[in-house]
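Novice: Just passing along the structure, written as structure tokens.
What follows draws every value from the coordinates through simple rules; no lab data is involved. Bear in mind that the values here come from a model prediction, so they are computed numbers and not experimental data. Here Cβ is always computed from backbone atoms with ideal geometry, including for glycine, and neighbour counts include all displayed protein chains.
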Amino acid sequence: MNRLAARHTKRAIRKATVTALILCVLLLIPARSGAQDNFDSDPELPGIQQPLAPVKVDGKVLFNVRGMSSFTAEQRAAAVSKRIKSAAADQSVSVDSVKIIAEGDHLAVYAGANFLINVYEQDAEVEQISRETLALIIKQKTSEAMKLYRHDRNRPVLIKKSINALVAFLIQALILMLILWLFRLINNVFQKRITSRIETLETQSFSLIRANQIWKIYNSVIRLLKIVIIVVFVAFSVNYILGLFPWTRNVSTYVLKLLGDPFVSMGKGILHFLPDLAFLVVLYFIVRYLLKLSRLLFKGIQEGGIVFKKFDPDWAMPTYRIFRVFVIIFAVIIAFPYIPGSDSTAFKGISVFIGVLLSLGSSSFISNLIAGYFMTYRGAFKMGDRIQVGDQVGFVEAQEVLVTRLRTIKNEEVIIPNSTMLNSNILNFSKKAREQGLIIHTVVGIGYETPWRMVEAMLKEAADRTEELLKEPPPYVLQLSLGDFAINYEINAYCNDVSHLRRTYTLLHQNILDVFNENNVQIMTPAYEKDPEIPKVVPKDLWNPPLTDKK
């Protein structure tokens with residue numbers, strides 16, 4: 001007992017000595033230094049609104065302080081928190097020793113001899129209360145914080161909380177194992193129940209919907225749900241355990257804030273966005289029904305139910321597409337200010353960046369787009385027409401916004417950019433064929449010894465034998481030139497079926513050969529030196545000679 005009393009006496013002497021030294025130092029420090037020690041804000045610029053920062057002790061917010069021009073709110077809050085912690089850690093400072101002292105134009109809060117914070121009139125104006133009321137609130141909050149600070153660091157309390165943390169950890173581990181087991185159980189039950197249904201669905205859809213694809217989607221959803229539940233559970237578990245101890249309470253608060261703030265922000269954002277969302281929904285339905293009505297109008301023009309003078313029905317749907325683009329652009333311009341984040345700097349920067357990319361890399365895209373619409377009003381061809389563009393000949397399969405697709409007679413697909421189509425000469429075989437018939441023609445060279453009337457008659461006879469050629473208007477023959485060795489005759493005949501032009505030409509050529517052979521008239525070669533002794537004609541009995549058997 002004597003030793004214990006001696007120890008207490010020594011401790012009391014040490015504390016008294018330290019206290020005396022502190023008092024001597026404070027008394028010896030000049031007044032200017034003392035003012036600097038109690039300085040925690042700049043009372044200048046009272047009319048300027050300053051941000052607030054919370055004063056925290058062990059993660060618990062006591063009160064908020066404002067910043068000044070030379071002392072930010074965060075710096076001031078950190079300094080005040082440090083002073084309160086220092087006073088709370090000093091057992092010689094009584095909790096009841098927190099007091100308010102009037103000093104000039106402000107009130108000062110002390111814990112014993114330890115300065116904590118100055119309360120200015122400007123601080124009270126921010127909170128919209130009187131300076132004295134604010135000082136009393138700070139005093140009360142500080143006393144409670146000091147009491148709680150010492151209570152949480154008491155050894156029996158720490159031992160009890162450590163036991164609680166261990167028990168909580170074990171319970172949470174069991175619950176986590178239970179969650180994993182439940183997910184496995186649910187997964188097995190669902191697989192047994194829906195396996196047959198998925199296989200039936202695959203059969204009914206003729207394998208358009210694959211069972212393995214459905215399983216992948218199902219497993220992905222279950223896995224995502226499991227991860228979300230586990231992460232949320234672990235986060236709250238860790239938050240609870242860390243919140244038991246004063247040293248980790250800040251981490252606990254930070255973790256909870258880190259996970260909760262995004263959801264809170266999204267919730268607030270959704271609430272604030274509801275009026276704008278209502279406007280966007282109304283705008284969407286207005287634009288949608290406007291486009292439906294305009295489509296009905298242009299559909300009626302295309303089908304001939306509505307007639308406009310000098311407006312080709314084939315222009316109806318392309319015009320509707322142009323109208324639709326302009327309506328959508330106008331709607332986007334109206335809706336843009338109501339889109340979340342449209343006024344942010346990042347959104348504007350991305351918009352400018354995309355605009356620059358489009359302007360630099362889409363010159364050919366824009367030219368093809370404009371050319372595609374110009375081609376519609378140019379009226380050069382329609383779907384199914386046989387046309388020639390440069391060296392390419394084919395049937396128009398599709399006229400899209402950027403390209404035109406042709407199908408050749410060899411069943412090949414040719415894709416031509418609309419800008420090329422716009423800048424090229426287009427030869428349309430079908431347009432006049434539907435109205436007056438297409439004139440097909442071929443040239444033969446016949447010697448001067450054959451009367452021209454006979455040649456014309458033979459060429460017309462060959463055209464008459466060709467079934468694909470029209471009888472009306474009748475075919476006619478032109479004498480193109482009187483050459484050095486032959487007269488060049490051109491047979492012209494009308495045809496309204498351009499889908500088999502090569503076949504028609506083949507039949508016409510076959511009939512010309514037959515007619516000339518029947519009349520023993522030689523079709524001249526391009527040039528020769530003298531007449532052959534035997535005319536170069538094919539006798540009728542040799543028109544169908546048997547093929548040589550190579551075996």
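Novice: Arrange Asp276, Asp541 by Cβ neighbour counts within 10 Å, fewest through most, would you?
Specialist: Asp541, Asp276
Novice: Kirkwood-based Rg over Rh for the stretch 418-519 (C-alpha set), two decimals?
Specialist: 1.06
Novice: Given a cut-off of 25 Å, name the pairs among Lys82/Lys160; Lys60/Lys226; Lys432/Lys460; Lys216/Lys268; Lys147/Lys268 whose C-alpha atoms lie farther apart than that in the structure shown.
Specialist: Lys82/Lys160; Lys60/Lys226; Lys216/Lys268; Lys147/Lys268
Novice: Okay, next question. How do Thr466, Thr404 rank when sorted from fewest to most other Cβ atoms within 10 Å of their own Cβ?
Specialist: If I rank by nearby Cβ atoms, fewest first, I get Thr466, Thr404.
Novice: For the stretch 469-486, what does the Karplus curve 6.51 cos²θ - 1.76 cosθ + 1.60, with θ = phi - 60°, yield as ³J(HN,Hα) per residue in whole Hz, taken in order and with x for Gly and Pro?
Specialist: In residue order, the calculated couplings are 8, 6, 7, 10, x, x, x, 9, 10, 10, 9, 6, 7, 9, x, 5, 10, 7 Hz.
Novice: Amide H of Val403 versus every other amide H placed in the peptide plane: which residues, excluding those fewer than 5 positions away on the same chain, fall under 5 Å?
Specialist: Asn418
Novice: Ordered by residue, what ³J(HN,Hα) values in Hz, to whole numbers, does the stretch 138-147 give under the Karplus form 6.51 cos²θ - 1.76 cosθ + 1.60, where θ = phi - 60° and Gly and Pro are x?
Specialist: So the Karplus estimates, Gly and Pro as x, are 4, 4, 5, 4, 5, 4, 5, 5, 5, 5 Hz.
Novice: Same structure again: Could you calculate, for the stretch 38-152, the ratio of the Cα radius of gyration to the Kirkwood radius, expressed as Rg to Rh?
Specialist: 0.95
Novice: Could you give the nm distance between label points at Ala78 and Ala278, where each point is 7 Å from its Cα heading toward the beta carbon?
Specialist: Each label point lies 7 Å from its Cα, and together they span 4.6 nm.
Novice: I would also like to ask the following. What ³J(HN,Hα) values, in whole Hz, does the Karplus curve 6.51 cos²θ - 1.76 cosθ + 1.60 give for the stretch 493-503 when θ = phi - 60°, with x put for Gly and Pro?
Specialist: So the J values, rounded to whole Hz, are 9, 8, 9, 10, 10, 9, 6, 10, 4, 5, 5.
Novice: Taking the Cα-to-Cβ direction at Asp314 and at Trp543 and moving 7 Å from each Cα, how far apart do the two end points lie in nm?
Specialist: Calculated label separation equals 4.2 nm.
Novice: Please list, or write none, the aspartates and glutamates whose alpha carbon is within less than 13 Å of the alpha carbon of Lys56, excluding same-chain residues fewer than 8 places away.
Specialist: Glu74, Glu144
Novice: Here's another thing I want to ask about it. So how do Glu472, Glu103 line up by other beta-carbon neighbours within 10 Å, fewest first?
Specialist: Starting with the residue having the fewest Cβ neighbours, the order is Glu472, Glu103.
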